[in-house]
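For reference, the structure discussed in these notes is given below.
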Amino acid sequence: MPGTTKEGTTRRTFIAGAALVSVLPFAPARATPEAMAAAIKEVVGDNAIREGRVTLDLPPLIENGNTVPLTVSVESPMSDADHVKAIHVFNEKNPQPHVFDARLGPRNGKAVIATRIKLGDSQKIVAIAETSKGEFFSASADVIVTLAACLEDLT
Amino acid sequence: MTQVLINAPKTAKKGEVIELKALILHPMETGFRPGTNGRIIPRNIIERFTASWNGNEILRMDLSPAIAANPFVSFFAVATESGKITFRWTGDEGFAVEESVAIDVA
């Protein structure tokens, strides 16, 4: 039904707008896509980042930004000669661009890390894997957050 | 009292890749939120999580305020030898908690 679709969009837009308005007076300085790029550069340096090998798994539509399940998995044999040394996760619009840095090694067997994160706004999340051969692989995901984290303390 | 929940198999075959899950009670206060009095609540987070197998570090994670309250981490490890897997969390305000589980590798 076309009517339903239209209503749905309107409601979503309204909620997003209302959420934004309520955030504005409290919004601290935010990380920006540029800040994220700078944070990534700090880790990667001048090396090239390639797409692929990394899978970043998180829900595309998030109702509660306070706890968002996130899984990063990297295809790798995880042998002494060829393993994932580190996994870094960055965000665009939380107050700081860093989410976590994990150091792994061949003793992990599988390069998979799952955790729960906070998201302050709809944004792009980037995961970067660094291999023992000095290569960098990345994956990104765009998410929509309806209730943002990092608001005033309601307790 | 700090509460820690660890999910790890009690036994494993040598060479098997096992999943380890750890959860700890902690507010992970970001340092960006105003409290009820309008003042910013100071930052109080866990900065580092490490896991070691019989003293050999197998995972080290640097966390940021973007990690949700009550940090949960799941990762994998190769079962190499019987012994102890130790999880350690350290952070702001001198926070330091260590918890170990025993594992039998056959």
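Quick notes on this structure:
- Around the Cα centre of chain B, unit charges on the Cβ atoms of Lys, Arg, Asp and Glu (plus for the first two, minus for the last two) sum to a dipole of about 140 debye.
- About its Cα centre, the dipole of region A:30-94 is roughly 160 debye, where the only charges are +1 on Lys and Arg Cβ and -1 on Asp and Glu Cβ.
- Neighbour-limited loop hits for trypsin sites (Lys or Arg not before Pro), region B:1-92 (at most 14 other Cβ within 10 Å; DSSP other than H, G, I, E, B): B:Lys10, B:Lys13, B:Lys14, B:Arg39
- For region A:52-107, with +1 on Lys and Arg beta carbons and -1 on Asp and Glu, the positive-most of A:Leu56, A:Val72, A:Gly105 along the dipole: A:Gly105
- Shape metrics for region A:41-155, restricted to C-alpha atoms - Rg then Dmax, Å: 14.9, 51
- Linear extension gain, A:Lys124 paired with A:Ile49, 0.36 nm per residue minus alpha-carbon span: 25.3 nm
- Peptides ranked, highest mean first, by Cβ atoms within 10 Å: ranges B:93-104, A:32-43: A:32-43, B:93-104
- Inter-centroid distance (Cα atoms) of region A:38-106 relative to region B:75-106, Å: 23 Å
- Whichever lysines have a C-alpha closer than 20 Å to that of A:Lys41, once near sequence neighbours (fewer than 8 apart) are set aside: A:Lys85, A:Lys93, A:Lys124, A:Lys133
- Evaluated with a Cβ-only charge set (Lys, Arg +1; Asp, Glu -1), the protein assembly as shown carries a dipole of roughly 300 debye about its Cα centre, given to the nearest 20.
- Efficiency of FRET from Cβ geometry, B:Asp62 and B:Val4, R₀ 22 Å, rounded to 0.05: 0.70
- Shape descriptor for region B:17-75: Rg over Rh equals 1.11 (Cα atoms; Rh from the Kirkwood inverse mean 1/r).
The numbers here are math on the coordinates, done by the rules we state, and not lab data. Just so we're clear, the structure is a prediction, and the values are computed from it rather than from any experiment. As a convention, Cβ positions derive from the backbone with ideal geometry for all residues, glycine included, and neighbour counts pool all protein chains shown.
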